[in-house]
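Nothing in this text is a laboratory measurement; each read-out follows from the coordinates by a stated rule. This structure is a prediction, so every number in the text was calculated from the model and none was measured. When we count neighbours, we look across all protein chains shown, and the Cβ atoms used for this are built from the backbone with ideal geometry, even at glycine.
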Amino acid sequence: MSCDTENNEGGEDKKRTPQHVAIIMDGNGRWAQSRGRPRLFGHHAGARRVREVVECCPHLGIRYLTIFAFSTENWKRTQVEVAGLMSLFRRYISKEMKALAAQDVRVRFIGDRVRLDKKLVHLMDTMEVETAGNVGTQLTIALNYGGRDEVARATKRLARDVADGKLDPDLVDEETLPKYLDTYVLPDPDLVVRTSGEARISNFLLWQSAYSEYEFIDTLWPDFTAEELGRLCANYSNRDRRFGAVGP
Ligand code: FPP
């Protein structure tokens with residue numbers, strides 16, 4: 001594997017590297033179908049890309065990587081595809097545990113675990129515990145995740161704290177809610193990438209991406225490479241982020 005490191009050289013460029021990249025990995029199904037194969041074949045190919053992209057992060061100066069693996073809406077797919085994806089997640093976690101630990105990757109999961117099967121949740125918990133001391137790439141996997149669902153669950157917890165007298169409702173501001181989100185330990189994404197030519201965000205990190213930069217690219221996820229991520233990071237370094245202010 002080779003990584004385009006141009007974005008990580010020199011003081012000024014390094015400052016402009018996206019610290020947190022979030023990816024909507026789309027296009028596995030079409031990739032498989034164009035080869036006359038079942039959709040799950042594409043998901044397996046997609047899982048291999050996850051490995052390459054995770055490995056590339058330290059070379060590109062990306063500290064936080066968040067990937068959208070399964071949305072709260074993906075349950076609408078056929079039972080065969082959902083079961084195949086769940087089995088793939090279980091296999092991925094079991095298989096990648098050692099490799100990720102060896103690369104000093106810390107893994108976290110976001111999303112609602114209630115609907116996931118117990119075996120998968122146990123593997124997720126184990127992976128989080130096993131990698132908790134790692135200080136390299138901070139990988140977050142969104143699994144049964146939806147931005148609206150996350151905000152609703154956060155609001156429920158916040159409302160409970162108000163009801164229990166732990167939180168003064170007059171003091172609730174835009175700094176308060178993120179503390180209740182699944183992502184409370186993560187910075188907001190600097191760059192959100194969606195593969196496969198679709199220009200929508202599909203309920204991903206709705207609160208957190210208010211000021212993110214976006215890249216919608218045509219590549220189908222199983223064809224995505226470390227080099228392409230390097231190019232997107234280089235594009236990002238030329239973006240003028242003003243956060244609502246005016247430029248100099
Ligand atoms: C969207 O493509 C992709 C998904 C719903 C699943 C994403 C899962 C992976 C990349 C597998 C591996 C992930 C991990 C963490 C091991 P799509 O099926 O909607 O594609 P289509 O739009 O072409 O139908």
Quiz item: Which of H20, H122 comes first, and how do the rest follow, when ranked by fewest Cβ neighbours within 10 Å?
Solution: H122, H20
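May I ask for the net charge around Y145, where only other residues with Cβ less than 14 Å from the Cβ of Y145 are counted and Lys, Arg are +1 while Asp, Glu are -1?
Values: positive: R108, R113, R115, R148, R153; negative: E73, D112, D149, E150, D182.
My count for the surroundings of Y145 gives 0.
Round to the nearest 0.05 the FRET efficiency obtained for E174 and D240 when R0 = 22 Å and r is the Cβ-Cβ distance. Mind dumping the intermediate values first?
Numbers: r = 23 Å, r/R0 = 1.07.
For R0 = 22 Å, the calculated efficiency reads 0.40.
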Quiz item: When the Cα centres of segment 75-138 and segment 188-216 are compared, how far apart do they sit, in Å?
Solution: 22
Practice problem: Can you tell me the relative contact order of the chain? Whole percent, Cα pairs under 8 Å, sequence separation 6 or more. | Solution: 30
Self-check item: Taking segment 50-168 and dividing mean pair separation by its residue count, relative contact order in percent (alpha carbons under 8 Å, at least six apart)
Solution: 37
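Which value in deg cm²/dmol, rounded to the nearest 500, describes the helix-derived mean residue ellipticity at 222 nm for the chain, given -39,500 (n - 2.57) per DSSP H run of n ≥ 4 and division by the residue count? Walk me through the numbers before you get to the answer.
Numbers: 7 runs with 100 residues, N = 248.
Rounded to the nearest 500, the figure is -13000 deg cm²/dmol.
Would you calculate the convex hull of the Cα atoms in segment 71-132 and tell me its volume per residue in Å³? Present the calculation step by step, with values, prior to reporting the outcome.
Values: hull volume 5.0 nm³, N = 62.
Enclosed volume per residue, from the Cα hull, is 81 Å³.
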Quiz item: Across all directions of projection, what mean area in square nanometres is found for the Cα convex hull of the chain?
Solution: 15.3
Quiz item: Sequence-distant or interchain residues sharing an amide H contact under 5 Å with I23, placed H: which?
Solution: T66, I67, F68, V193
Quiz prompt | Total lysine pairs whose alpha carbons fall under 26 Å of each other in the chain (8 or more apart, or interchain) | solution = 11
Quiz item: Of the GluC sites (Glu not before Pro) in segment 10-88, which ones lie in a loop per DSSP and count no more than 15 other C-beta atoms within 10 Å?
Solution: E73
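What Kirkwood hydrodynamic radius do you get for segment 8-100 when you take the inverse of the mean 1/r over all pairs of distinct Cα atoms, in Å?
Values: mean 1/r = 0.0668 Å⁻¹.
Result for segment 8-100, one decimal place: 15.0 Å.
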